[in-house]
Amino acid sequence: MAGRGARRRELRHAHNVMIAEQAMGRIAFIGLGAMGLPMARNLAAANLRPSCFDAAEAARERAASCGLDVASSLEEAAAGADTVVTMLQNGEQVLAVWRALLPLMPQGALFIDCSTIDIAQARDAHALASYAGARAVDAPVSGGVAGAEAGSLTFMCGGTSEAFAAATPILEKMGARLFHCGDPGLGQATKLCNNLMLGVTMIATAEAFALAERIGLPAQKLFEVAAASSGQSWSLTTYCPVAGLAPASPANRDYATGFATRLMLKDLRLAESAAARAGAVTPLGAAAAQLYALYEAQGGGGRDFSGVIEMLAGKV
Ligand code: NAD
């Protein structure tokens with residue numbers, strides 16, 4: 001029975017996506033930074049011709065030199081659009097942009113926020129949209145700049161099934177995997193819970209390798225055994241903080257590129273404030289945030305977060 005229910009939901013979603021695809025109008029894309037620019041380029045490559053805007057002139061110039069249609073104001077970007085995609089630094093920026101654009105958009109317009117922001121602010125943004133007669137999806141991403149460039153991001157979405165279906169044909173042009181996590185705000189909640197796990201498992205993995213080094217256990221041996229044992233995790237096998245063990249790991253590039261420590265810290269702090277509001281106890285998340293903050297203070301803010309091993313091993 002459950003199988004049939006799921007199949008019915010899938011069919012309904014596919015039908016709604018088809019309708020959304022046929023009705024798709026112009027997209028205003030706001031926020032052309034490290035993530036937003038390649039995402040907007042992927043929309044343009046799929047012939048969706050987004051009308052783009054960023055508050056920073058340098059970002060607008062970069063986008064124009066990539067051949068994107070760049071507007072000189074938020075209002076100009078929104079003219080004639082029925083969809084807005086935001087990719088901004090924080091919830092204050094998202095709320096300010098949505099507040100400015102909601103009165104300018106037609107009834108039933110679609111607002112998609114791909115930034116990582118506070119869950120309460122994401123819910124405020126949904127409420128603003130609903131009050132203005134618009135549909136909304138919170139759709140934070142995982143996959144980083146490399147995923148944004150390759151169009152292989154994972155989107156974790158919150159909102160009604162109908163809004164998720166309307167957003168699907170747009171998100172598919174920028175990502176490889178889309179998850180509907182539930183009600184408004186639950187996309188952000190999924191992202192923060194995932195990154196809480198990631199931030200903590202990376203510290204645990206780094207601590208174990210730093211300890212192994214002191215004891216005289218070769219990193220290669222620990223990797224081999226833990227990867228086949230209960231210490232196994234993504235932080236170990238895909239993103240190992242020690243160089244030369246996992247092919248795609250930022251450790252192999254001296255932690256120079258990847259997911260910056262300051263962004264991991266931002267996500268852990270958002271998880272902490274969500275936990276405080278929900279009355280949840282997250283002591284390991286809090287401890288991990290303190291350690292990444294210390295690494296940032298020691299100059300690691302712009303380095304990949306797995307570089308925290310440098311500090312734990314007493315090398316910075
Ligand atoms: P970024 O700082 O490179 O880009 C943000 C852009 O937004 C900037 O160009 C800024 O000028 C613009 N902006 C700010 N306020 C604006 C406004 N009112 N109107 C128009 N433009 C405005 O940030 P990013 O690295 O692209 O990250 C964007 C979001 O994605 C963040 O929420 C971040 O946490 C999340 N994220 C980033 C990564 C990553 O690896 N960089 C990975 C996953 C998620």
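Read-outs: derived from the displayed coordinates by stated rules, not from any lab. Quick caveat, the model's predicted, so the values are computed rather than measured. Positions of Cβ are generated from backbone atoms using ideal geometry, with glycine treated the same way; all protein chains shown enter the neighbour counts.
Miscellaneous remarks
- Cross-link partners for LYS315 among the aspartates and glutamates, with Cα-Cα distance under 17 Å and sequence neighbours closer than 8 places in the same chain left out: GLU207, GLU213, ASP254, GLU296, ASP304.
- ALA136 long-range amide H proximity, modeled H, under 5 Å: PHE111, THR160
- For the chain, the orientation-averaged shadow of the C-alpha convex hull comes to 18.0 nm² (one quarter of the hull surface).
- Cα-Cα P(r), the range 76-139, percent of pairs per 10 Å interval: 25, 61, 14, 0
- FRET efficiency, SER72 to ALA204 (Cβ-Cβ, R0 45 Å, nearest 0.05): 0.40
- Mean sequence separation of contacting Cα pairs (under 8 Å, at least six apart), scaled by the length of the range 1-131, corresponds to a relative contact order of 22 percent.
- Spin-label model, ASN47 to GLN89: label points 7 Å out along the Cα-to-beta-carbon direction sit 3.8 nm apart.
- Length added when fully stretched, ALA34-ALA14, from 0.36 nm per residue minus Cα-Cα: 4.0 nm
- Remark: relative contact order (the chain) = 13 percent; criterion is Cα-Cα distance under 8 angstrom and separation of 6 or more residues.
- In straight-distance terms, cross-link reach from LYS173 covers every one of the aspartates and glutamates whose alpha-carbon lies under 16 Å from its own, apart from those fewer than eight places away in the same chain; here that gives GLU21, ASP113, GLU149.
- Acute angle (nearest 10 degrees) that the helix 283-295 long axis makes with the longest principal axis of the chain, alpha-carbon atoms: 80
- Under 22 Å from LYS266, Cα to Cα: lysines that are on another chain or at least 8 residues apart: LYS191
- Derived scalar couplings ³J(HN,Hα) [the range 93-105; Karplus, 6.51 cos²θ - 1.76 cosθ + 1.60; whole Hz; x for Gly, Pro]: 5, 5, 5, 5, 5, 4, 4, 6, 8, 3, x, 8, 9
- Value of [θ]222 nm, deg cm²/dmol, for the chain, DSSP H segments ≥ 4, -39500 (n - 2.57) each, nearest 500: -16500 deg cm²/dmol
- Residues ALA79 and ARG99, FRET efficiency given R0 of 22 Å [Cβ-Cβ distance, rounded to 0.05]: 0.80
- Dmax and Rg, reported as Rg then Dmax, of the range 1-77 (C-alpha, Å): 17.2, 56
- Kirkwood analysis of the Cα pair distances in the range 53-192 returns a hydrodynamic radius of 15.1 Å.
- Whole-number Å³ per residue for the convex hull built on Cα positions in the range 190-312: 102
- For ARG253 and LEU211, a Förster radius of 30 Å and the Cβ-Cβ distance give a FRET efficiency of 0.80, rounded to the nearest 0.05.
- Full extension of the chain segment joining ALA120 with ALA243 gains 40.4 nm, where the gain is 0.36 nm per residue of separation less the Cα-Cα distance.
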